[in-house]
Structure formats: structure tokens, C-alpha cells
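Below: one structure, written as C-alpha cells.
The values are calculated or read from the model by the stated rules, or taken from the named source; none is laboratory data. The structure displayed is predicted, hence computed values, not measured ones. Cβ atoms come from the backbone with ideal geometry, glycine included; neighbour counts cover every protein chain shown. To get the accessible areas, we keep the full protein, side chains included, count just its heavy atoms, and leave off ligands, DNA and RNA. Shrake-Rupley method; radii C 1.70, N 1.55, O 1.52, S 1.80 Å.
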Amino acid sequence: QVQLVESGGGLVSPGGSLSLSCAASGSIFSIAFMGWYRQAPGKQRELDAMTTNGRSTKYADSVKCRFTISADNAKNTVYLQMNSLKPEDTAVYYCNAKIRPRSWPYESAYWGQGTQVTVSS
């Protein structure tokens, strides 16, 4: 019953900002990490950013100076603050997390349904 739900996508002008959030819900024992991926039509899904505890972070080079990932561990929620958005950032953004549920003694990867981000004037 563990699931990830993203929110915050939408249409924004180039140079604008957008904030995404992803909340993990259900019977969760622990979360090893949470991250954000993007997938544009016809392209492979690729990592934008990930965090293990809200302080240890990793970014793709293309977003390192523009995006910021953060987490609220108490709420099992990860955020992606997106600044200086470019048309090339247009994609579906997916939340990913490695989670151990209380009902199963193993960690598994979970994916959200994705949220559309469109950067266009």
C-alpha cells in the first residue's frame, strides 16, 4: 500500500520557477533515499537529483546550479525547487524512492505517477 504522489507541476515561462513535492504514504518502515527523475517524450528517464537525508544530495550537471532538492523526513516528503527553468526542462517529472514497508522485510523501489512540467512562453 506504499505509494508516492507528486504535485506541483504545471506551465511556467522560461526563467520562471516551480516547486515540486512528493509525499510517500502508507505503512512505511524506512526510506533509504528519495529522488527526482525526468522523462521527455522519446527519451530515457534520467536522474535530476536525489537525497538520502535532506543534506546529502546529488544533482545532474544540467540542473546543479538551478534546482535544489530537499526533504522533510518526518513527513516522508521530498521537494524539488526548480529555478531558471528552460524549455529543455519540459518533461514528466517522476518521484522515486527506495522504501522498506512494514509489511515486507525488504527495500523496494517505488515510483510516482509523474507530474508534467512545461516550460514555454
Rolling a 1.4 Å sphere over the protein heavy atoms, what is the accessible area per residue of the chain, to the nearest Å²? 55 Å²
With charges only on Cβ, +1 for K and R and -1 for D and E, what is the dipole size of the chain about its Cα centre, in debye, rounded to 20? 220 debye
Give the carbon-plus-sulfur fraction of the accessible surface of the chain in %, rounded to a whole number; probe 1.4 Å, heavy atoms of protein chains only. 48 percent
In order over the range 33-46: 3J(HN,Hα) from phi, Karplus 6.51/-1.76/1.60, θ = phi - 60°, whole Hz, x for each Gly or Pro, gives 7, 9, x, 10, 10, 10, 9, 8, x, x, 10, 6, 6, 9
Which of the GluC sites (Glu not before Pro) found in the range 1-104 are loop residues per DSSP with 12 or fewer other Cβ atoms within 10 Å of their Cβ? none
In nm, to one decimal, how far is the residue 46 label point from the residue 111 one, both placed 7 Å along Cα→Cβ? 1.7 nm
In a shell of Cβ-Cβ distance under 11 Å around residue 48, excluding residue 48 itself, what net charge do Lys and Arg (+1) and Asp and Glu (-1) give? +2
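Going by a ≥ b ≥ c, the root eigenvalues of the Cα gyration tensor, does the chain fall in the rounded group (a/c under 1.5), the prolate group (a/b larger than b/c) or the oblate group?
The shape class here is prolate.
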Computed FRET efficiency, Cβ-Cβ of residue 11 and residue 58, R0 25 Å: what is it to the nearest 0.05? 0.35
Going residue by residue through the range 106-118, the Karplus relation 6.51 cos²θ - 1.76 cosθ + 1.60 with θ = phi - 60° gives ³J(HN,Hα) values, rounded to whole Hz and with x marking Gly or Pro, of 9, 7, 9, 7, 10, 10, x, 7, x, 9, 7, 10, 10
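Run the numbers on the range 21-121 and let me know its relative contact order in percent, using alpha-carbon pairs under 8 Å that are six or more apart.
Here the relative contact order equals 31 percent.
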List the chymotrypsin sites (Phe, Trp or Tyr not before Pro) within the range 34-74 that DSSP assigns to loop and that have no more than 16 neighbouring Cβ atoms inside 10 Å. none
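How much length would be gained if the chain were fully extended between residue 65 and residue 86, taking 0.36 nm per residue of separation minus their Cα-Cα distance, in nm to one decimal?
Full extension of this stretch gives 6.3 nm more.
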Give, as a single signed number, the net charge of other residues whose beta carbon lies under 13 Å from the beta carbon of residue 25, with Lys and Arg counted +1 and Asp and Glu -1. +1
